[in-house]
Amino acid sequence: MSDKYKLITELKNYKPFDDEEKLMLEKFIFLVETNKDCFQSYCYPEHITACAWIIDKNYSHLLFTHHKKLDKWLQLGGHADGEENLLNVATREAKEESGLTSIEVITRDIFSIDIHPIPARNDVQSHYHYDVRYFFKADKNEKLVVSSESKDLKWLPISQIELYNNDRAVLRMLKKTKDFIKYIDNAI
């Protein structure tokens with residue numbers, strides 16, 4: 001089975017967190033099923049991207065980048081560039097944008113999805129990113145390397161995430177993270 005069809009299966013098996021995510025999920029499935037170029041950044045007005053939501057090994061901090069072009073604090077990630085295995089894309093982007101080598105996948109399942117607008121700039125028209133997010137952990141003590149796509153990288157305390165980014169999609173992932181931490185605490 002190709003990575004594209006594995007992704008379609010993963011999306012169809014994904015349990016949306018709320019009604020907003022449920023609506024986005026339908027759009028995701030339609031895009032992947034009907035547009036063969038959806039994994040290419042030249043696919044307009046929308047294309048697939050992948051992100052890494054990275055928590056430290058003590059489950060107290062999340063890694064954020066101050067994105068240079070968007071001037072926002074965000075999770076690490078980027079374009080699929082033709083790659084249909086989005087977990088590989090998220091892993092690649094996390095390593096490229098942070099310099100971390102200690103990144104480990106917490107779950108191979110999709111952690112979250114989001115569709116968000118990207119404003120026009122220079123020679124790029126406005127478009128939408130259909131973003132698939134995966135959950136990772138890494139060593140917070142490992143040296144970070146700020147890439148050319150970022151202004152800064154920072155491990156943010158979970159309690160302070162909303163001060164840096166209170167977007168609904170980030171708050172959704174934050175709630176899922178807190179639920180995960182409660183689950184881990186109860187399992188110990």
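Since every read-out is calculated from the coordinates, none of them should be taken as a lab result. Because the structure is a prediction, the values reported are computed rather than measured. All Cβ positions, even for glycine, are placed from backbone atoms using ideal geometry, and neighbour counts span all protein chains on display.
Quick look at the values:
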read-out	value
Using θ = phi - 60° and Karplus 6.51 cos²θ - 1.76 cosθ + 1.60, couplings along segment 108-115 (whole Hz; Gly, Pro as x)	7, 6, 4, 8, 6, 10, 7, 10
Under 26 Å from the Cα of Lys15 - lysines, other chains or at least 8 residues apart	Lys4, Lys6, Lys27, Lys36, Lys57, Lys137, Lys175, Lys176, Lys178, Lys182
Share antiparallel - DSSP beta bridges, the chain, percent rounded to 5	70 percent
Distant-in-sequence amide H partners of Asp139 (H built 1.01 Å from N, under 5 Å)	Ser102
For segment 159-188 versus segment 21-62, the gap between their alpha-carbon centres in whole angstrom	19 Å
For segment 66-188, alpha-carbon Rg over 2.2 N^0.38 Å	1.09
The chain - percent relative contact order, Cα under 8 Å, separation 6 or more	24 percent
Length added when fully stretched, Asp81-His66, from 0.36 nm per residue minus Cα-Cα	3.2 nm
222 nm mean residue ellipticity, helices alone, for the chain (DSSP H n ≥ 4; -39,500 (n - 2.57); rounded to 500)	-10500 deg cm²/dmol
Computed FRET value (nearest 0.05) for Asp123 with Val146, which takes r as the C-beta separation and R₀ as 30 Å	0.75
Fully extended contour minus Cα-Cα distance, from Phe17 to Trp155, at 0.36 nm per residue	47.2 nm
Relative contact order of segment 40-80, defined on C-alpha pairs under 8 angstrom at six or more residues apart (%)	43 percent
